[in-house]
Structure formats: C-alpha cells, structure tokens
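The values are calculated or read from the model by the stated rules, or taken from the named source; none is laboratory data. Treat the numbers as computed from the prediction; the structure is a model and nothing was measured. Methodologically, a virtual Cβ is constructed for each residue, glycine included, from the backbone with ideal geometry; neighbour enumeration extends over all protein chains shown. Ligands, DNA and RNA are excluded from the accessible area calculation, which covers all protein heavy atoms including side chains. Shrake-Rupley method; radii C 1.70, N 1.55, O 1.52, S 1.80 Å.
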Amino acid sequence: MRGRVVGCALLLLPAVGCAPSAAIATSREDVSVELRRGIARADSLVEAAVGRQFPGAVLVVSQRGRVLHERAFGAAQLHDSLLRPLASPPRMRTSTLFDLASVTKVMATTLAVMRLVDRGQIDVDAPVWRYLPDFRGPHLDSITVRHLLTHSAGLVQWQPLYYHAATRAQTYEVIRDMPLAWGVGDGRHYSDLGFMLLGDVVERVSGERLDAFVERELYRPLGLRSTVFTPKAKGFTEFAATEVGNGYERHMVYDSTFGYRYRGDPTAWNGWRQHVLNGEVDDGNAYYANGGVAGHAGLFSTGAELRVLLDLLNAGGSFAGRRYLRPETVALFLTRDRFDNYLGWMRPRDMPEGSFMHTGFTGTYVLGVPKYGLSIALLTNRQNMGTDARGHFPNLVPLQEAVARAIVAGAGDPNAGRKGN
C-alpha cells in the first residue's frame, strides 16, 4: 500500500524497543505455540487495517506481567488540517502517546475512586451529596457514587457544556443544575457527565485535582512516566494525531439528527479549533470546559504503560511485588452489576468470565482477561483518517473483537468469541 510505514515489534523483553518484524515469532518454550499463533493472527489483523481504518496503531500483549508482544504500525499522522496526505508521515512508535478519550474513565477516574474506596474515604453506595454537599435536589439526593460508576444516575448522556461553561467549576454547576433525562437507577445510559462528576468527587475527597491525585498515588509509584493529562504542557512531543478541530462534535451540535441532540442555539458559541489535534485532548468538554483535565476524557498514555495498569487489576491490585489495591476492592469493582457490566468497566462480549474492557472514541481499546492473566492494549488514531460520507469515523469494534478472540483463543480458550462464554 502506498505510503505504508512498517512498525517495530518486541517479544518477551522487559523494555520498549524496536526489532525486525520477524521478531513476532519466537521459539521460547514458556510461551505456547497456540498463544504465539494467536498473537501472530492478531498482529496480522491490525497490520491489514493500516491505511484502511486508521493511519497507525500500537498493539501490546502481556501475560502475568510479562510483555509478550509490542509493535507499532503505520503512521502517527497521515493528513494535514485540509485532509491532504502528508509528504512524509511521521512514523508510529511504541513510545507514541495516544489520546485515550473514554479510556480515561477507567485508567484515571475509576482507579482513583478505587484507591479512595480502598482507604475507606468513599463508599460507593453513599449519596453523591456526601462528597459534593451542594449536589442536592428532589432527584439528585438519591444519586449514589455507584449510580455514576454504572451510568445509571439518569444524567444526560452528552451536551456541549462549553456553550455554557469555561471552567471546571462552571461545568460542575451546569451539570448539577441540568434536569435528569431518566429516573435514577431506571437503566444504564452511558454518560460522560457522570464521570465528570466522579472527577469532582475525587478532587473534593482527596484535596487534589484528579490528574495530580492519580499521578502521585498510582502512576509515579508504578513507574509510569508517559501517562498524563495535558501532555504538551509537560514537555511531551510525540503524539498520535486525531481529527481536525472538533468537526464531529460541531456536526452533532448543528445537526439534530446526528448523534446526541442539542436544543440550544448552535451559533451562540464559535470557539471551534481548526487545526489537527496533536497532543491536545480531542473531546470538546474536556478541552474547552475543563482545561484538559476531566473525569471522562483527557488522559494520554502509551500501550506499554496501559498494560501495567491492566496487569495491576489482573493481579488483584498488585504489581511487581507491591500492593496498590486490596483484592476485595478489585473484586467489588469487577463484579457484574444488574446491567451486566462492572463499576466503571464494561464486560466484553463472549470473553472468559471476569474479563473487563473499555474503549475510547479516538480509537483506543483495553482488555483484561484475569483467567489467563492477559492484558491487551490496541491503540489507533482512526480519527486522522477523516470521516465517511455520513460523517462517521471507521468502526473498529469488529477489529477489536477479532484481535481479542485471536489472542484469548491462543491462551487456552478455543471457544473465545462463541456464544455462552
């Protein structure tokens, strides 16, 4: 394919590095032939999608704390702000930082809440007003932390809050004063607003902003140096580019038939970015209304560092001999709720019992499979491909599920992906 950039691979090595693509195959006897074949199959699926569904990607697979596979594919950016192909696309690397979008909900906010639950500072069944005293009202009084974690608080799913707020404090007030869209606990309605509130809860309880809390309590102790909010302000320069400005959100605001309906005046605000987003959080509510740090979006990371956080949960809260969370806390958050998901996390379809996952709108995917000690991170920059004629970005769900099936089947579950698992 014209313009394709081949990546690098790493197998069974403790540190990130580049090796020839042939390094995908290994003769190590402590990794089964079946698992090696499964990883190779997953690798080939990702490679085949480069240039069709996304400019580039990073795939990382570990098992019980050992990195089995780490490879970068394609380009970190393919198009400029006019969607013209770049003459020399920057190569994707395993060290490239990705905008995680909604993976922030689990890799920052949910982990922060877990840490505070672990200390007895948050009770998931307590009303939110215990931690945010002015979060009161006839319906708000009954909303618990658990409702926020399970997307069952009845909150509006999405609105362009930046039309009404320019700071985190103003954003909180807009959410607090917004009428509920459903009854509290009536059903699961995936809501960014609920996780923005959880970020506020973390800040009020810990006395630190969400980004500062997770960095001090988890990321730094775990040795993670590239898992950050507002990465450009911290000196990072190597990113997977996303879309041009916020064209997708603008489409939602101006077209009531596209995505979520906005009932306000679309012309009342016009601060839209026009450049390729590179190191700036794509999500408009995180960027315009929260300064890049929010409970629902804003975190950047690498595949290598996300696998550490997955390994931590797969091991019941421990990593490299140190305990960060009690096993009871991990079990609490990874027990199925009445909506067949978890606290913060989603339950993947047709995977072994106990598996947990989450996706991000920018094209990110993380999966933990405790049964086999597997951690899988598949990060892509699908938005930089642009949208189709209807305005949609490429649908990566079939690819994500196929990659997961291949690896899990190789780890010992030939029925992965079949009904009933």
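May I ask you to give the percent of accessible area on the chain that is carbon plus sulfur, with a probe radius of 1.4 Å? About 50 percent, which is the carbon plus sulfur part of the accessible surface.
Taking every alpha-carbon pair under 8 Å whose residues sit at least 6 apart, the chain reaches a relative contact order of 24 percent.
Look at the dipole of the chain built from charges on Cβ: of Val184, Leu210, Ser62, the Cα furthest out on the positive end belongs to Ser62. Ranked by the mean number of other Cβ atoms within 10 Å of their residues, highest first, the peptides 31-38, 403-410, 310-317 come out as 403-410, 310-317, 31-38.
Note on the chain: helix-only mean residue ellipticity at 222 nm, from DSSP H runs of 4+ residues weighted -39500 (n - 2.57) and normalised by residue number, equals -7500 deg cm²/dmol.
Each peptide in 128-137, 258-267, 292-301 receives the mean, over its residues, of other Cβ atoms within 10 Å, and ordering these scores from highest gives 292-301, 128-137, 258-267. In this structure the stretch 310-402 gives 37 Å² per residue of accessible area when probed at 1.4 Å with all protein chains present. Shape of the stretch 64-186 from the C-alpha gyration tensor: oblate (a/c of 1.5 or more and a/b not above b/c, with a ≥ b ≥ c the square roots of its eigenvalues). Centroid-to-centroid, using Cα positions, the stretch 151-217 and the stretch 31-99 are 32 Å apart. Take the stretch 60-153 with all the other protein chains still there, run a 1.4 Å probe, and you get 35 Å² of accessible area per residue. In terms of packing, defined here as the mean over residues of other Cβ atoms within 10 angstrom, the peptides 361-372, 192-203, 151-162 line up highest first as 192-203, 361-372, 151-162.
Count Lys and Arg as plus one, Asp and Glu as minus one, and take only other residues whose Cβ is under 13 Å from that of Asn278; the net charge is then -4.
Reducing the stretch 386-407 and the stretch 293-314 to their Cα centroids gives an inter-centroid distance of 21 Å. Database remark: amide H of Leu299 closer than 5 angstrom to the amide H of Leu100, Ala101, Thr104 (H placed geometrically; neighbours at sequence offset of 5 or more, or on other chains; Pro and chain starts carry no H).
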